[in-house]
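First comes the structure, then the notes that go with it.
The values are calculated or read from the model by the stated rules, or taken from the named source; none is laboratory data. The shown structure was predicted, so the numbers you read here are calculated from the model rather than taken from an experiment. When we count neighbours, we look across all protein chains shown, and the Cβ atoms used for this are built from the backbone with ideal geometry, even at glycine.
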Amino acid sequence: MMLSVLIETRNDEEGLARTLASLIGGAVEGVVRDVIVCDTGSTDQTHRVAEHAGCHYVTGGIAAGIRQAKGDWVLLLEPGSRLVDGWIDAVVAHTARQTMAARFSRARGSRTPFLARVFSGNRALADGLLISKLQAAAASKSAGSAEAIARGLATKRLDAEIWVAPPKQRSPE
């Protein structure tokens, strides 16, 4: 099983660094084939963080990243999210027996109270998304972002946890 990790960013250098650190075990074990940072117009040092970590850096959004992905499965993550130890085994087990997309469970300290979720606008990508490259490529034709690919998709729950990225502060543009 080969996995490509795609992270869609825009001015997320700090969050990107935290997410990449949680992927090191997957790279060491040979599960993570490539990491592609799909940038949508960053003006900070996001490109430098990606390059220093050995990631592929593409502009043009998630569809461009999916086209370059080498793995049969892609894992879409938000910058700032962190996978909890044990994620590698859960991903390998899922991809060996499933074709359906899957999401991580939220780590205990990362769970948002129900009303806060309702009023904050749920981010479909907050729990990550493990999806076959074929399904991701088909979805990216009509979806302009990783978030749009993740929205409304039927998924299974992986037996692994994720620390969700904090909500992004909107910067004045």
Show the residue pairs meeting these rules: Cβ distance below 8 Å; 6+ apart or different chains; first residue within segment 131-150 and closer than 20 Å to residue 72 by Cα; second residue hydroxyl-bearing (Ser, Thr, Tyr) and part of a helix (DSSP H, G or I). 149/140
In segment 140-156, how many residues are β-branched (Val, Ile, Thr) and either in contact with an Asp or Glu (Cβ under 9 Å, 6 or more places away or on another chain) or at positive phi (or both)? 1
Taking interchain pairs and intrachain pairs at least six residues apart, which have beta carbon atoms under 7 angstrom, with the first residue in segment 97-109 and under 7 Å from residue 127 (Cα atoms) and the second β-branched (Val, Ile, Thr) and assigned to a strand (DSSP E or B)? 104/162; 106/162
Number of the condition not met by residue 47 [criteria: (1) free of Cβ contacts under 8 Å to residues at least 24 places away in the same chain; (2) out of contact with any strand residue (DSSP E or B) (no Cβ under 6 Å at 6 or more places or on another chain); (3) part of a helix (DSSP H, G or I)]: (2)
With the checklist (1) within 22 Å of residue 104 (Cα to Cα); (2) outside any helix (DSSP H, G or I) in hand, flag the one item residue 42 doesn't pass. (1)
I want to confirm something. Restricting to segment 14-43 and keeping residues that are of a type in the set (Val, Ile, Thr) and buried (at least 22 other Cβ atoms within 10 Å of the Cβ), which single residue is farthest from the chain's Cα centre (by Cα)? 31
If I ask for residues that are assigned to a helix (DSSP H, G or I) and closer than 11 Å to residue 9 by Cα, which ones from segment 50-63 would you list? 50, 62
Which residues, counting only those in segment 1-38, are small (Gly, Ala, Ser), touching a residue at least 12 places away in the same chain (Cβ under 8 Å) and not in a loop (DSSP other than H, G, I, E, B)? 4, 15, 17, 21, 25, 26
Among the residues of segment 68-90, how many are among the basic types (Lys, Arg) and assigned to a loop (DSSP other than H, G, I, E, B)? 1
Taking segment 1-13 as the region of interest, how many residues are closer than 21 Å to residue 68 by Cα and over 15 Å from the mean Cα position of the chain (by Cα)? 2
Exactly one of 71, 60, 54 is out of contact with any Gly (no Cβ under 6 Å at 6 or more places or on another chain), at pLDDT below 95 and within 27 Å of residue 142 (Cβ to Cβ), and that one is 60
